[in-house]
1. Mind putting a number on the dipole of the chain about its Cα centre? Charges go on the C-beta only, +1 for Lys and Arg and -1 for Asp and Glu, and I need it in Debye to the nearest 20.
2. Output the antiparallel fraction of DSSP beta bridges having both residues in the chain, as a percent to the nearest 5.
3. Hey, quick one: spin label on residue 40, modelled 7 Å out along Cα-Cβ, who in region 100-140 has an amide N within reach, i.e. under 17 Å?
4. Along the positive direction of the dipole of the chain (beta-carbon charges: Lys, Arg +1; Asp, Glu -1; about the Cα centre), which of 88, 158, 53 reaches farthest?
5. Using just the helices of the chain, give the 222 nm mean residue ellipticity in deg cm²/dmol: DSSP H runs with n ≥ 4 each add -39,500 (n - 2.57), and the total is spread over all residues, rounded to 500.
6. When the scattering of region 1-62 is computed by the Debye formula from its Cα atoms alone, each counted once and equally, what is log10 I(q)/I(0) at q = 0.14, 0.16, 0.21, 0.30 Å⁻¹?
7. Let me know the shape class of region 96-157, please: from the alpha-carbon gyration tensor, a ≥ b ≥ c as square roots of the eigenvalues, rounded when a/c is under 1.5, otherwise prolate if a/b is greater than b/c, or oblate.
8. Once you wrap a convex hull around the alpha carbon atoms of the chain, what is its projected area averaged over all directions, in nm²?
Amino acid sequence: MALRELKVCLLGDTGVGKSSIVWRFVEDSFDPNINPTIGASFMTKTVQYQNELHKFLIWDTAGQERFRALAPMYYRGSAAAIIVYDITKEETFSTLKNWVRELRQHGPPNIVVAIAGNKCDLIDVREVMERDAKDYADSIHAIFVETSAKNAININELFIEISHLHPQRG
Ligand code: GDP
């Protein structure tokens, strides 16, 4: 069976749920007391889609300002970047736009960009409209989903979409 390897990095502000998304995808669990990522952590998960094995090499980066200078080490060579914001915090959506700009300027030319509006279980305190985020994602040709690492909404779907956009074989 064909095996494809995809390096994926997660970018976005601290607290938006990057580690929780990775944890949900890799372990299918949610830890409300998850430790803040220091620097970056690395996890892999291999999934079978149809007749192919997809091995995701996932780099979860820290959003803190002092680690931003390290980000290029993670997005260089990545097939995809998942940029995460928190739907309950408008400012995290603004930060996301800076990441998109940086990736377009300094990232790999064909990198797949996926935008994840996380914590979609918290609709009562929503600050970012789904429509606005979707329109923005469309304008930059990015994948877009609202996710909940807590309630396991659209996490697997996000990774499946990424893998479908990357047809080269490893
Ligand atoms: P990171 O700094 O971006 O890696 O964010 P974390 O994964 O550490 O999550 C930050 C906080 O948000 C933690 O308290 C998580 O429990 C919480 N969190 C993460 N994802 C979700 C979600 O989908 N829904 C809700 N309600 N809380 C979440």
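1. The dipole of the chain has a size of about 640 debye.
2. 30 percent
3. 100, 102-114
4. The listed residue farthest towards the positive side: 53.
5. Taken over the chain, the calculation gives -9000 deg cm²/dmol.
6. The Debye formula, applied to the Cα set alone, gives -0.42, -0.54, -0.82, -1.30.
7. prolate
8. Its average projected convex-hull area is 9.2 nm².
We did not get these values from a lab; they are worked out from the coordinates using the rules stated. All of these numbers come straight from a predicted model, not from anything done at the bench. Methodologically, a virtual Cβ is constructed for each residue, glycine included, from the backbone with ideal geometry; neighbour enumeration extends over all protein chains shown.
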